[in-house]
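Working notes for the structure below.
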Amino acid sequence: MSAPVLVINSGSSSIKYQLVDGETLEAATTGLIERIGQDESVLTHKSDGERLERTGRFADHAAGLEAMVAAFEEAGTPLAEAGLIAVAHRVVHGGERFVQPVIVDDEVEQAVEALSSLAPLHNPANLEGIRVARKLFPRLPQVAVFDTAFHATVPERAHLYAVPSEWREEHGVRRYGFHGTSHAYVSRKAAELLGKSPKAVNVIVAHLGNGASVTAVERGRSIDTSMGLTPLEGLVMGTRSGDLDPAIVFHMHRRTGASFADLDDALNKRSGMLALTGHIDNRAIEAAAASGDRAAQVALEIYCYRIRKYIGSYIAALGGADAIAFTAGIGENSAEVRAGAVGSLTALGVQLDEAANAAGGPVISTPDSPITVMVIPTNEEGEIARQTAALLER
Ligand code: ADP
């Protein structure tokens with residue numbers, strides 16, 4: 001490995017990690033620590049074909065990362081001998097300040113903490129991973145890479161909400177957008193697949209996982225994206241409603257007396273496909289729809305319709321697109337969702353090739369389609385490692 005980076009994605013009760021080469025973006029080792037703080041935690045570690053599983057009680061993130069270090073000793077290259085250039089951390093919210101990756105020091109740590117009010121579910125968990133890793137690897141640079149950063153180029157017309165000025169000026173209310181590392185990586189790969197420079201093409205990326213967002217990328221720069229102040233806006237997701245009339249919140253508060261915390265929970269965790277079908281997992285929803293479940297059929301229509309509306313509006317926002325790229329769990333695997341999302345956009349320049357779509361691409365449009373439609377597996381850890389290596393080279 002020429003630029004080995006340990007990439008850490010720290011959640012509230014889980015940590016994903018990968019040892020990635022910041023130049024080739026290949027991962028030599030991947031791992032997942034789950035159920036931190038619960039009775040039985042599990043660590044799964046994969047390195048060059050070897051698979052290791054450890055169960056035990058990891059009381060906190062520090063215990064989890066110590067178990068990770070031990071796993072590297074057993075399978076793969078021990079971290080101390082891996083020649084790491086940095087430990088890189090995924091941080092969800094960078095606010096207006098962090099528009100590039102940064103080397104973490106105490107001041108950056110405090111700034112990330114201050115941004116927790118904008119991402120209360122994510123930033124504190126990301127920060128916990130940073131704090132523990134700084135202690136565990138005191139001699140290595142710790143780099144924070146922000147999910148919002150790629151969208152720093154979204155212009156005012158797309159990032160400002162028409163709300164009172166003090167909301168915007170004193171409370172940070174604006175569109176930030178998320179999944180930035182994925183949109184950055186996939187839009188660059190899409191340009192590569194077209195055989196062009198990212199600066200020469202307009203790409204629409206649909207990142208469809210449990211969370212989902214669409215981004216309009218104009219000549220390499222994000223100019224609009226469907227998520228907003230938080231990841232709640234935009235597409236219908238696994239458990240999030242996506243776009244709705246904000247007055248629904250007031251209506252439900254007045255009618256039921258539900259607190260804002262309840263309503264927040266309802267829209268983020270009990271809405272979306274879960275509310276429409278009883279399932280979060282798209283495979284279960286597609287299976288239910290195929291077996292005649294009407295609610296699942298309608299939910300998939302709603303899901304695809306919302307994506308279609310965003311893609312149509314982003315073709316308009318960009319004044320024309322060269323490519324549409326689908327990525328993440330659903331985007332990479334569901335031919336049905338892809339067809340539902342773009343199959344009817346022939347008048348806008350999309351000619352889907354049904355057989356290629358069923359086969360999974362990478363190109364799933366006909367050779368003469370004015371817009372090339374693609375399936376591109378995302379690589380967020382690879383992109384984080386790449387950005388980290390680039391930062392340290394400067
Ligand atoms: P996360 O946002 O948690 O990283 P992923 O990108 O892994 O999520 O996407 C998870 C979603 O992908 C789930 O809804 C899952 O059902 C869906 N998915 C995974 N494989 C398939 C498949 N073969 N067909 C349809 N959907 C799939």
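Does Glu332 satisfy being closer than 15 Å to Val205 by Cα, modelled with pLDDT of 95 or more, open to solvent by 20 Å² or more (accessible area, probe 1.4 Å) and within 12 Å of the ligand (Cβ to nearest atom)?
yes
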By residue number, the members of region 64-93 that are part of a helix (DSSP H, G or I) and closer than 25 Å to Phe146 by Cα are Gly64, Leu65, Glu66, Met68, Val69, Leu79
Selection from region 1-36 of residues part of a loop (DSSP other than H, G, I, E, B) and within 25 Å of the chain's Cα centre (by Cα) yields Ala3, Gly11, Ser12, Ser13, Ser14, Gly22, Glu23, Thr24, Leu25, Glu26, Arg35, Ile36
Pairing a residue in region 327-338 that is touching a residue at least 40 places away in the same chain (Cβ under 8 Å) with any residue that is more than 7 Å from the ligand (Cβ to nearest atom) and of a type in the set (A, V, I, L, M), where Cβ atoms lie under 6 Å and the two sit 6 or more apart in sequence or on different chains, gives Thr327/Val186; Thr327/Ile376; Ala328/Leu208; Ile330/Leu208; Ile330/Val337; Gly331/Ala206; Gly331/Leu208; Glu332/Val375
The residue from Val373, Val337 that alone is closer than 17 Å to Val205 by Cβ and more than 16 Å from the ligand (Cβ to nearest atom) is Val373
Checked Val236, Val249 against criteria (of a type in the set (Val, Ile, Thr) and away from the ligand (no atom under 16 Å from the Cβ)); the one match is Val249
Residue count, region 348-366, condition assigned to a helix (DSSP H, G or I), of a type in the set (A, V, I, L, M) and either within 16 Å of the ligand (Cβ to nearest atom) or at positive phi (or both), comes to 2
**OP:** Check region 206-215 and report whether any residue there is within 26 Å of Lys309 (Cβ to Cβ), within 16 Å of the ligand (Cβ to nearest atom) and open to solvent by 30 Å² or more (accessible area, probe 1.4 Å).
**Re:** yes
### Message
Within region 273-287, does at least one residue satisfy the condition of being within 16 Å of the ligand (Cβ to nearest atom), polar (S, T, N, Q) and modelled with pLDDT of 95 or more?
### Response
yes
Of the residues in region 94-130 that are β-branched (Val, Ile, Thr) and not in a helix (DSSP H, G or I), the one that is least open to solvent (accessible area, probe 1.4 Å) is Val104
Among the residues of region 286-297, the number that are in contact with a Ser or Thr (Cβ under 9 Å, 6 or more places away or on another chain) and within 29 Å of Gly349 (Cβ to Cβ) is 2
Pairs returned, first residue in region 117-145 that is among the basic types (Lys, Arg), second residue that is in a strand (DSSP E or B) and buried (at least 17 other Cβ atoms within 10 Å of the Cβ), beta-carbon separation under 6 angstrom, 6 or more apart or interchain, are Arg134/Gln142
Exercise. Considering every residue within region 273-280, establish whether at least one is in contact (Cβ under 8 Å) with a residue 40 or more places away in the chain, farther than 23 Å from Val203 by Cα, in contact with a Ser or Thr (Cβ under 9 Å, 6 or more places away or on another chain) and open to solvent by 30 Å² or more (accessible area, probe 1.4 Å).
Key: yes
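The values are calculated or read from the model by the stated rules, or taken from the named source; none is laboratory data. Just so we're clear, the structure is a prediction, and the values are computed from it rather than from any experiment. Glycine gets a Cβ as well: all are built from the backbone with ideal geometry, and neighbour counts include every protein chain shown. Heavy atoms of the whole protein, side chains included, go into the accessibility calculation; ligands, DNA and RNA do not. Shrake-Rupley method; radii C 1.70, N 1.55, O 1.52, S 1.80 Å.
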